[in-house]
Each structure stands twice: as structure tokens, then as C-alpha cells.
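*Asks:* Here's a structure for you.
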Amino acid sequence: MKINKLPTFSIDLFNLVQEYGDKLKGKVNATNSAIDRYKMLLNLAHLNPGVAFVPDVEVDEIFHLHLLRPSYYYKDSINNFGSIINHIPESKLNENSTHRERIELTKKYWFNLYKIELPINIEFSWCGVTNDDINDGKTKQS
């Protein structure tokens, strides 16, 4: 598996998920796997500015929990990527493409970078992740 250096965070995501999460609470292996996918997704967004990716529901929950600690999220984004990786609400994400198209785009870029497939039985969120200014509502269709 080809993985570039993944981000490290100043907040303990595992404990955050176990304390406040819904989908992963009490699931040690699933939590660790989802945290790895979260790091990989943020890395993917960082390396592909302007492309909106769709996280799976477990990763999206971790993203939301991290965002709910804004000082940590800001510090972690700046230290790892030099900019903020944005969370895209469902309404903005689907202005330019369908949900299925975004999922397929995410799978394609994921495989191209990491040389592994996302799990087959994964459920995708309706939100998105991008390393782009989302105020203009435009993201690449690549």
C-alpha cells in the first residue's frame, strides 16, 4: 500500500470518538480503522485541491467530532496541511454532481493514491471534504 506521510493530530481522536461518538463507541478495531481512513481522506483532499471527496459515515463522524474542537482542528490542519481542509454540507456538495458521482470519484482517487480499495460494505456520508474555498460553491468534477 502506498501511503504518504499521514497527518498527526494534537487531540486524541480515539478517546474523543469513544466518549462522544455514536457509530463507533465501544468498537476498538473499527475506531482505529476509521481514524486511519480519516487521516487518509484529509491527506487525499490536501493533495487534490478543488476536488470534493465523500467520506464514509464513520469517517464523517470523526470529522464532525474533530471540528467540534475548533482550536484543535485549526491547529491540526495548519500544522499538517498549511491550510484548512473544509467540510462541505450536503447541499453544497451536490450542486455540481450527483452523490454517486462523488463516491466514484472518491474511490478512484483513493485507489490511485493508496493502491487499495475502500471497504466494499462501506456506507458513504452525504457530506464532503475539500481543500478548496467552498464559499463560491464550485468544485472540480475531475
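None of the figures in this text is laboratory data; all of them are computed from the coordinates on show. Quick caveat, the model's predicted, so the values are computed rather than measured. For neighbour counting, all protein chains shown are included, and Cβ atoms are generated from backbone atoms with ideal geometry for every residue, glycine included.
*Asks:* Anything over 18 Å Cα to Cα? Flag those among Lys75/Lys108; Lys39/Lys107; Lys5/Lys27; Lys39/Lys75; Lys5/Lys39, in the order listed.
*Replies:* Lys75/Lys108; Lys5/Lys27
*Asks:* Provide the gained length on full extension for the span Ile122 to Leu68, in nm with one decimal, where the gain is 0.36 nm per separating residue minus the Cα-Cα distance.
*Replies:* 17.0 nm
*Asks:* Compute the length gained on full extension between Ser10 and His99: take 0.36 nm times their separation in residues and subtract their Cα-Cα distance, giving the result in nm to one decimal.
*Replies:* Taking Ser10 through His99 to full extension adds about 28.8 nm, to one decimal.
*Asks:* Just want the ordering: Arg37, Arg100, from fewest to most Cβ atoms lying within 10 Å of their own Cβ.
*Replies:* Arg100, Arg37
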